[in-house]
Amino acid sequence: MRRTIATLAALAVLAAAAAGGWLWYRERSAGAEPRYRLARVERGPLQAVVVASGTLAAVSTVQVGSQISGQIQEVFADFNTPVKKGQVIARIDPATFELRVRQARADLDAALSAVTVAQSALAAQRAERSRIAVNLADAERDFQRKKTLVEKNFISPAELDRARTLLEATREQLKAVEAQIRVAEAQVESARAAVKQREALLRQAEVDLERTIIRAPVDGTVILRNVDAGQTVAASLQAPVLFTIARDLRDMQVEAAIDEADVGRLRVGQTATFTVDAFPGRSFSGSIVQVRKSPQTVQNVVTYTVVISAANPDLALLPGMTANVRVVVDSRTDVLKVPNAALRFRPPGAASEAQAAAAPAQQAGGAALQRFRQRLVDELKPDEAQKARLEAIFEEARQKLAQVRDLANEAERRRQVERVRAEMRARIAEILTAAQKPIYERLLAELGARGAAAGRVWVPGPDGRPRALEVRTGLTDGTATEIVEGPLKEGDEVIVGTVEPAPAAKKTTVLGPRLF
């Protein structure tokens, strides 16, 4: 009996060891070859979308300030108050400015009186000139009469000398009076200029008094009030802002910050949709009305402001709301597409296969370059000199592309390829005539709309190992990408990732009852 029990125990131990060895071998074999996640190539619609966030604002916002300093006496408008152009919305205490007006008016009256005095003095000088002119005429007659008498020896020459002296003295008196008249005329003009100066000071004082009344410059709604009654405002180098008025809240706009990588795909007139957090289930529509060329750089990130119109007939949208903008820049109705994960996937050891895959990629790029050259020749119809220069440009581009595609780093390789293409396009544009340039720009726009670029996907091979396929990609929506050229067809399977083996469960050895 004891021998039977020992035999059974030995057999149990051997069976457990065999089972453990088989499990260990199976796990090792399964871990030796990675398993892949697959996805199918599909056909369907595709949209390229630019997504950004922005801030809602009124199309026209006017800040109402004060050009004078003083204490706010009354406030007639509050937040959300609709106002009309010219409506009084606040008043500054006018007492100081009323006193200035009275002082300026008194100064004007004094200046007017000075003009009257100067004019009277001028009139007196003119009367004196008339009196001296009469005396001068009498002295001239007396001189002529005595001159005749002296010639006839009726009077002595001394009498003639006295008449001559009186004549000359009268003439000098007349000159002196005329000089005084000119002085009096200048004094009158000076007094009149002083009157104009006092009138200007009076007008300035009246304008300052008028500015104590703050009026709405436009029709709209008050969206911000910065003052209260009793508050003192000081206008120095910059006018203090008292109110902010939105002209018409039924017409709003979204100022969205678009990344520099996406702004080139946006055009004025494109349709845009956006949502706001206040109405999560509602979508608002608009169109791009402006792409501002002023860049904004924040932490080395360059963005451009794009203005999107936003109709607001029910006044649901409010200034300052954050809008999540979505602009469809291109769309396809029926295209072959693969998941973006398939284009990003690289199996282990793919870096060592870069040289093996370089030749097919170079051939595909060369074919695309040749097609682009042929299209230029067909549509631009260059002359012989231009053809020769085109051949030189394309030959140089081919040589540079051959050097670039030897790079092992795929990201760097793509950047260098795009740089070579940009240089080639710029050099081609330099040799074109004014008539050819619009056609060339249209060709580049069509090429940019297709967005064709080289890519690579991996598919399961006959032996179970991944096999690379070179493709030309087009439009992408961030999840899937259009396949423009390549051996893929609808229903094919592509590799999008690997299946990570489940972590081995912690094994617990179960001990049976001790038999001995």
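The values are calculated or read from the model by the stated rules, or taken from the named source; none is laboratory data. None of the values given here were measured: they were computed from a predicted structure. Counting neighbours? That spans all protein chains shown, and the Cβs are built from the backbone with ideal geometry, glycine included. In case anyone asks, the SASA skips ligands and DNA or RNA and just uses the protein heavy atoms, side chains included. Shrake-Rupley method; radii C 1.70, N 1.55, O 1.52, S 1.80 Å.
Observations on the structure shown:
- Scope segment 462-478; condition farther than 30 Å from V50 by Cβ, open to solvent by less than 70 Å² (accessible area, probe 1.4 Å) and either acidic (D, E) or not in a strand (DSSP E or B) (or both); matching residues: G464
- Any hit, segment 299-306, residues being open to solvent by 90 Å² or more (accessible area, probe 1.4 Å) and over 13 Å from T55 (Cβ atoms): yes
- For segment 250-281, a tally of residues being in contact with a Leu (Cβ under 8 Å, 6 or more places away or on another chain) and farther than 15 Å from T305 by Cβ returns 4.
- Boolean, L401 is within 37 Å of the chain's Cα centre (by Cα), surrounded by 17 or more Cβ atoms within 10 Å (Cβ to Cβ) and either assigned to a loop (DSSP other than H, G, I, E, B) or modelled with pLDDT under 80 (or both): yes
- Note on segment 132-155: among residues that are closer than 16 Å to L167 by Cβ and open to solvent by 70 Å² or more (accessible area, probe 1.4 Å), the one that is nearest to the chain's Cα centre (by Cα) is V134.
- Residue match in segment 252-264 (condition: under 43 Å from the mean Cα position of the chain (by Cα), under 27 Å from D93 (Cα atoms) and open to solvent by less than 60 Å² (accessible area, probe 1.4 Å)): no
- Of all residues in segment 479-502 being open to solvent by less than 60 Å² (accessible area, probe 1.4 Å), part of a loop (DSSP other than H, G, I, E, B) and not aliphatic (A, V, I, L, M), the one that is nearest to A342 (Cα to Cα): D492
- In segment 199-227, of all residues being open to solvent by 70 Å² or more (accessible area, probe 1.4 Å) and assigned to a helix (DSSP H, G or I), the one that is nearest to V115 (Cα to Cα) corresponds to E199.
- Residues of segment 451-479 satisfying the condition of being of a type in the set (A, V, I, L, M), at pLDDT 80 or above and out of contact with any Asp or Glu (no Cβ under 8 Å at 6 or more places or on another chain): V457, L469
- So Q290, is it at pLDDT 90 or above, part of a strand (DSSP E or B), loosely packed, with under 14 Cβ neighbours inside 10 Å and not basic (K, R): yes
- Among the residues of segment 228-240, those identified as modelled with pLDDT of 90 or more and open to solvent by 30 Å² or more (accessible area, probe 1.4 Å) are D228, A229, G230, Q231, T232.
- Against the conditions (1) within 28 Å of the chain's Cα centre (by Cα); (2) open to solvent by 40 Å² or more (accessible area, probe 1.4 Å); (3) at pLDDT below 90, R332 satisfies every one except (1).
- Selected residue (criterion: modelled with the lowest pLDDT) from residues of segment 157-183 that are loosely packed, with under 12 Cβ neighbours inside 10 Å and among the small types (G, A, S): A158
- All strands (runs of 3 or more DSSP E) inside segment 33-148 with 3 or more residues being in contact with a Lys or Arg (Cβ under 8 Å, 6 or more places away or on another chain): 42-58, 70-75, 88-92
- Some residue of segment 88-99 being closer than 30 Å to F243 by Cβ, within 46 Å of the chain's Cα centre (by Cα) and free of Cβ contacts under 8 Å to residues at least 60 places away in the same chain: yes
- Whether a residue is at pLDDT below 90, under 31 Å from the mean Cα position of the chain (by Cα), of a type outside the set (D, E, K, R) and surrounded by 20 or more Cβ atoms within 10 Å (Cβ to Cβ) was assessed, and L46 passes this test.
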